[in-house]
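One structure is given below, encoded as structure tokens.
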Amino acid sequence: MLHSKSDNTVKKYFSAFQKWNLFCVQNKFSSVPAEPIHIVLYLTKLMDSGCSANVISTVIFALKWAHSMNGLTDPTDNGFVKNMHESAKRLRSNRIVKKDVVSSEMLIELCNIFAGNTDLLILRDLAMILIAYAGFLRFDELTELRCSDISFKENYLSIQIRKSKTDIYREGNEILIAKGVSAACPYHMLQSYMYKASIDCSSQSYLFRPIIRSREVCKLSEKDKKLSYTRTREIVLAKLKLVAPCLNLGVHSLRAGGASSAAASATVNERCLKRHGRWKADLSKDGYIQDSIQKRLKITEALHL
């Protein structure tokens, strides 16, 4: 039953429920089943302590989940709780400031800076950035890539996405990235990185791993460990700041930038764009339509890398 939600969601809900349970123990309330008025008192306490609307929402969803797991009536459907939730959204919501997007011109300029550089660390960093941009990859999708997920064809690159945010049943997704003509070609950059790192395409190891440097020796760590979010963010920002020092950038800037550049092209098919980005909306009907490889490659060809 715990596997009905993702592992991260279960951890998040369980943590929120533990704090609710502590509040109930201190005040001699019942945590499960919970009384709506007690939930309202707890939410009021959180709001008075300055908690954000996201924290309030997590508590409500955690309580909904806990009662569902025990086959009990959901107390968060009560009008008191719903009104308090809406109040939290109005009073404790922060303004969303989205990151700036990356453009193809920035990436071409970045790759021109390191033109001819064969350092493994540089090749890995650039390959990560270009693949994330051209493939519209989320952080988890990028760092979860295995060597065997990569397949080089004559004029394009195929990437198998084993785990995606919208692919909750692990049906898998295939991303096609066309071979480019500029210094920022994802096909050639990834190929150079894998050749330099002596990566076996049939290996089940993580594609992007930590790198060990000792004097003149630079090689991938033998330990099969993926890069953390903190390290990946450092890598991306360190390189992108060389060509866009004034922009507010993050790891998601690559996915947003690639999608924005492709969407601006008149040659891109909307259905192929949604499939390439693995967006869930309207994919139920689009899943019945078979698109040609040439049509799907129009997405990354529009990036002019």
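The values are calculated or read from the model by the stated rules, or taken from the named source; none is laboratory data. These figures come from a predicted structure and were not determined experimentally. A quick note on method: Cβ atoms are made from the backbone with ideal geometry, for glycine too, and the neighbour counts reach across all protein chains shown. For the accessible areas, the whole protein counts, side chains as well, though only heavy atoms, and no ligand, DNA or RNA atoms are used. Shrake-Rupley method; radii C 1.70, N 1.55, O 1.52, S 1.80 Å.
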Counting only residues that are at pLDDT 90 or above and surrounded by 13 or more Cβ atoms within 10 Å (Cβ to Cβ), which one in region 204-218 is farthest from HIS252 (Cα to Cα)?
ILE212
Consider ALA34 carefully, then state whether it is small (Gly, Ala, Ser), part of a loop (DSSP other than H, G, I, E, B), open to solvent by less than 30 Å² (accessible area, probe 1.4 Å) and farther than 30 Å from LEU237 by Cβ.
yes
Name every residue in region 228-251 that is open to solvent by 30 Å² or more (accessible area, probe 1.4 Å) and part of a loop (DSSP other than H, G, I, E, B), in order of residue number.
SER228, LYS241, LEU242, PRO245, CYS246, LEU247, ASN248
Could you please let me know if LYS225 is assigned to a loop (DSSP other than H, G, I, E, B), open to solvent by 10 Å² or more (accessible area, probe 1.4 Å) and in contact with a Pro (Cβ under 7 Å, 6 or more places away or on another chain)?
yes
Give the residues of region 113-166 that are acidic (Asp, Glu), out of contact with any strand residue (DSSP E or B) (no Cβ under 6 Å at 6 or more places or on another chain) and modelled with pLDDT under 95, sorted by residue number.
ASP119, ASP140, GLU144, GLU154
Give SER6, SER68 a once-over and let me know the one that is in contact (Cβ under 8 Å) with a residue 24 or more places away in the chain, closer than 29 Å to LYS165 by Cα and surrounded by fewer than 17 Cβ atoms within 10 Å (Cβ to Cβ).
SER6
Residue check for LEU142: in contact with a Lys or Arg (Cβ under 6 Å, 6 or more places away or on another chain) and open to solvent by less than 40 Å² (accessible area, probe 1.4 Å):
no
Residue pairs meeting the criteria (Cβ under 7 Å; at least 6 apart or on separate chains; first within 15 Å of LEU157 (Cα to Cα), in region 184-207; second assigned to a loop (DSSP other than H, G, I, E, B) and open to solvent by less than 50 Å² (accessible area, probe 1.4 Å))
ALA184/LEU305; CYS185/LEU305; PRO186/GLY180; PRO186/LEU305; TYR187/GLY180; LEU207/LEU145
